[in-house]
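A.B. asks: First, the structure itself, so that you have it in front of you.
The values are calculated or read from the model by the stated rules, or taken from the named source; none is laboratory data. Please read all numbers here as calculations on a predicted model, not as lab measurements. Cβ coordinates were reconstructed from backbone atoms using ideal geometry, including for glycine residues, and neighbour counts include every protein chain displayed. What goes into the accessible areas is simple: the full protein's heavy atoms, side chains included, and nothing from ligands, DNA or RNA. Shrake-Rupley method; radii C 1.70, N 1.55, O 1.52, S 1.80 Å.
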Amino acid sequence: MADYKDYMLFDKLPHTWCAGCGDGIVLQSIAAVFAEMELDKHDICLVSGIGCFGRVDDYLDINCMHVTHGRALPAATGIALANPALHVIVTMGDGDSVTIGGNHLIHCARRNIDLTAIIANNYNYGQTGGQYSGTTPTDSITSTSPYGHIEQEFDICRLAEAAGATYVARATAFNPVQMRKLIRGGIEHKGFSLIECMVQCPTHYGRYNRQGEAADMMKMMNARSIPAEKAKTMSAEELEGRIVTGVIVNKNREDYYTKYKRIIDAQRIREEGGSVNEN
Amino acid sequence: MKSQKKFIEGNEAVVDGAIAAGARFYAGYPISPSSEIAEGAARELPRYGGIYIQMEDEISSMAALLGASLAGVKSFTATSSPGFSLMQENLGLGIMSEIPAVIFNVQRSGPSTGAATKPAQADIMQARYGAHGDHSIIALSPSSVQDCYDLTITAFNLAEKYRTPVLFLSDEVIGHLRETVTETEPGPDQIFSRIQPDPDISQKDFRPYGYSSDSVVPMPAVGNRKLLMRTTGSTHDEKGEFSPNPQNIDRVTHYLTNKIEKNAEDITITRTYQLDDAEIAFITFGCSVRSTISAVDILRAEGVRAGMLQLVTIWPMPEKEIRAVLAKAGTVVVPEMNLGQLAGEIRKFNDYGCRILQANRTDGVLITPQQIINTLED
Ligand code: SF4
């Protein structure tokens with residue numbers, strides 16, 4: 001049996017994250033899923049963006065491409081199409097995925113590129129000092145919304161669903177068992193999958209909004225959680241302020257590469273070494 | 001060696017050249033006057049087992065190119081000046097991560113939307129300095145449809161050899177020019193593919209980067225069965241791990257510049273026309289070359305000893321060849337479709353008291369031989 005430690009780079013520890021940060025829970029979950037699935041490291045490529053969670057690749061002993069802020073999904077699109085046999089994992093924060101990179105997210109979902117997007121949502125830009133992002137809830141205090149945030153936040157899962165994502169799920173840092181299950185579901189899913197991981201940033205978001213210590217923030221997350229099945233029976237008002245967890249979307253739609261491969265098969269004029277598929 | 005004659009435009013020859021060079025991945029966002037390259041790539045790539053994808057913008061196109069190239073597939077994109085502006089972010093990523101790719105920029109007038117889509121040659125400085133931070137860059141500039149085929153192959157070879165994005169600075173005139181081109185399929189020895197690591201190297205000893213010399217380090221594809229690969233746009237050490245200490249930042253910066261500048265002899269390509277005995281020398285590139293050749297012919301017919309140095313490689317600047325001209329000719333004229341971006345560079349080398357004149361055109365109309373000649377009378 002493989003162990004999550006087999007996929008980690010321990011010489012890079014201690015990690016960069018603050019005490020109590022939720023990002024480490026997601027890192028451990030990702031490594032644990034690789035171990036559970038006994039994936040060959042050479043078959044995995046992780047693409048990461050910028051931000052506190054963007055540093056996740058520093059601690060993983062697999063193929064890694066660390067890119068620019070918000071551009072992890074398009075870089076991963078290139079990898080996934082050039083080598084469709086790879087498990088392409090994309091790790092992003094809320095800034096990467098739905099703020100600076102929001103356009104890439106909706107198009108990647110729409111195209112149904114076969115990759116797994118794992119988003120750590122902590123409601124703010126931790127690395128740069130706690131400014132607001134596209135997921136910062138209305139009325140929150142951040143370093144750039146000192147009088148209360150006036151914008152409405154994105155619901156990442158609903159955004160992904162509307163854009164055409166074929167697997168959408170959410171877990172909180174309070175429940176790593178569920179987080180692992182959902183990440184595994186995403187990796188096993190053929191097509192664009194997205195797992196939103198709700199994580200606490202006690203250093204900035206928690207402090208600005210007087211949410212207490214990391215443990216208090218995690219307990220609060222759990223108290224707000226509601227299983228996706230149950231949520232279906234509830235009204236919009238009842239769901240106000242709740243965190244819907246579990247598998248939210250899981251459907252089959254042919255992925256981009258499978259469709260494109262049919263074009264290649266029909267149009268190919270000669271056999272030669274340069275084929276993308278055979279490289 | 002297979003060879004065929006075609007009557008096509010520059011943008012079409014680029015697609016044929018890319019496929020001949022072994023490129024099998026294109027990601028781009030259509031923009032005039034480069035869209036024929038996208039259309040050609042969309043049509044031709046699947047026929048060779050390759051992939052075309054139209055991204056949501058030029059930022060993502062550039063990112064996708066780098067991803068595909070990291071997975072081992074030679075990749076390219078095409079754009080025009082406004083789109084090239086958007087590509088600067090991930091062009092920098094390609095430079096820092098050392099991932100080969102070829103970017104075709106069919107230049108048009110600007111700033112911003114400009115007089116879409118009239119020709120210009122005004123991205124010389126954007127090509128060199130558009131991506132932030134110190135670095136060097138390789139840029140080629142075609143002056144014929146034949147160049148669009150041949151130099152495209154050269155561009156891919158340089159990208160692979162120097163493990164870096166290479167720019168191909170075409171322009172609206174050359175992109176839409178129709179000429180007869182002889183497309184000769186390159187032999188295996190004319191195609192360069194990135195160096196692979198020693199097959200016996202272990203993961204423990206493998207390093208995706210190297211900074212101890214100015215030479216290029218082997219680059220395995222992600223997904224190979226033996227070695228794990230790690231690239232990053234953050235300042236990193238040999239292992240590809242974030243390393244922001246002052247010493248490392250300094251050596252990485254020098255390395256990214258030196259690996260190109262110290263190999264300028266190998267990278268720079270120039271051509272001459274009637275230059276040997278020239279008292280009046282033109283130094284130019286791209287579409288302006290065509291008008292300059294006519295200007296030289298007219299002047300020669302009048303008994304004036306005129307000649308031309310063509311910079312096929314724009315970056316790194318062919319300093320040696322430019323200096324030789326400045327040392328010998330009494331007057332140097334720099335025809336270009338911008339307000340003097342190349343002329344400024346040439347002045348930097350003028351330790352010889354040579355008279356340097358500019359022949360600039362910025363109205364979106366191809367510079368004419370007469371306008372170039374008139375510069376001499378000012
Ligand atoms: S700033 Fe917030 S998100 Fe960043 S490491 Fe600290 S706790 Fe985590």
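A.B. asks: For the range A:95-130, name all the residues that are within 11 Å of the ligand (Cβ to nearest atom), touching a Gly at 6+ places or on another chain (Cβ under 7 Å) and of a type in the set (S, T, Y).
C.D. replies: Correct list: A:Y125 only.
A.B. asks: Would you confirm whether any residue within the range B:3-15 is at pLDDT 95 or above, under 30 Å from B:R207 (Cα atoms), in a helix (DSSP H, G or I) and in contact with a strand residue (DSSP E or B) (Cβ under 9 Å, 6 or more places away or on another chain)?
C.D. replies: No, every residue in the range B:3-15 fails to be at pLDDT 95 or above, under 30 Å from B:R207 (Cα atoms), in a helix (DSSP H, G or I) and in contact with a strand residue (DSSP E or B) (Cβ under 9 Å, 6 or more places away or on another chain).
A.B. asks: Among the residues of the range B:31-53, how many are within 7 Å of chain A (Cβ to nearest Cβ) and either under 19 Å from B:P186 (Cβ atoms) or open to solvent by 30 Å² or more (accessible area, probe 1.4 Å) (or both)?
C.D. replies: If we filter the range B:31-53 for residues that are within 7 Å of chain A (Cβ to nearest Cβ), which is where we start, we get B:46-51, B:53.
Going one step further and asking which of them are either under 19 Å from B:P186 (Cβ atoms) or open to solvent by 30 Å² or more (accessible area, probe 1.4 Å) (or both), we end up with B:47-50.
Number satisfying all stated conditions: 4.
A.B. asks: Let me ask you something else. Within the range B:245-302, work out how many residues are open to solvent by 10 Å² or more (accessible area, probe 1.4 Å), over 30 Å from B:F192 (Cβ atoms) and assigned to a strand (DSSP E or B).
C.D. replies: Counting residues in the range B:245-302 that are open to solvent by 10 Å² or more (accessible area, probe 1.4 Å), over 30 Å from B:F192 (Cβ atoms) and assigned to a strand (DSSP E or B) gives 1.
A.B. asks: May I pose another question? Where residues in the range A:248-266 are in a loop (DSSP other than H, G, I, E, B) and open to solvent by 50 Å² or more (accessible area, probe 1.4 Å), which of them is nearest to B:Y26 (Cα to Cα)?
C.D. replies: Out of the qualifying residues, it is A:E254.
A.B. asks: A further question on this structure: Quick test of your reading of the structure: A:G212 fulfils all but one of (1) more than 19 Å from the chain's Cα centre (by Cα); (2) buried (at least 19 other Cβ atoms within 10 Å of the Cβ). Name the failing condition by number.
C.D. replies: (2)
A.B. asks: Do we find a residue being more than 15 Å from B:L177 (Cα to Cα), open to solvent by 30 Å² or more (accessible area, probe 1.4 Å) and part of a helix (DSSP H, G or I) anywhere in the range B:22-30?
C.D. replies: no
A.B. asks: Which ones in the range A:57-81 are buried (at least 24 other Cβ atoms within 10 Å of the Cβ) and within 16 Å of the ligand (Cβ to nearest atom)?
C.D. replies: Of everything in the range A:57-81, just one residue is buried (at least 24 other Cβ atoms within 10 Å of the Cβ) and within 16 Å of the ligand (Cβ to nearest atom), namely A:D57.
A.B. asks: Still on this model: Looking only at the range A:185-242, count every residue that is farther than 30 Å from A:Y257 by Cα and within 16 Å of the ligand (Cβ to nearest atom) and tell me the total.
C.D. replies: Final tally of qualifying residues: 23.
A.B. asks: Let me ask another. Just name the residue that is surrounded by the most Cβ atoms within 10 Å (Cβ to Cβ) out of those in the range A:18-51 that are in a loop (DSSP other than H, G, I, E, B) and within 14 Å of another protein chain (Cβ to nearest Cβ). Lay out the reasoning, then the answer.
C.D. replies: Initial filter on the range A:18-51 (in a loop (DSSP other than H, G, I, E, B)): A:18-22, A:37-40, A:49-51.
The next check asks that each one be within 14 Å of another protein chain (Cβ to nearest Cβ); those that pass are A:39-40, A:49-51.
On the way: A:L39: 17, A:D40: 12, A:G49: 28, A:I50: 25, A:G51: 26.
Residue satisfying both the conditions and the ranking: A:G49.
A.B. asks: Next question, about the same structure. Might you check whether a residue that is part of a helix (DSSP H, G or I), within 14 Å of chain A (Cβ to nearest Cβ) and farther than 19 Å from B:Y26 by Cβ occurs anywhere in the range B:96-114?
C.D. replies: Checked against the condition, which is being part of a helix (DSSP H, G or I), within 14 Å of chain A (Cβ to nearest Cβ) and farther than 19 Å from B:Y26 by Cβ, the range B:96-114 yields at least one hit.
A.B. asks: I've got another one for you. Would you call A:G54 within 15 Å of the ligand (Cβ to nearest atom), crowded, with 24+ Cβ neighbours inside 10 Å and within 14 Å of another protein chain (Cβ to nearest Cβ)?
C.D. replies: In short, yes.
A.B. asks: Go through (1) out of contact with any strand residue (DSSP E or B) (no Cβ under 9 Å at 6 or more places or on another chain); (2) closer than 27 Å to B:V333 by Cα; (3) without any contact (Cβ under 8 Å) to a residue 24 or more places away in the chain for B:V296 and report which single condition fails.
C.D. replies: B:V296 satisfies all of (1) out of contact with any strand residue (DSSP E or B) (no Cβ under 9 Å at 6 or more places or on another chain); (2) closer than 27 Å to B:V333 by Cα; (3) without any contact (Cβ under 8 Å) to a residue 24 or more places away in the chain except (1).
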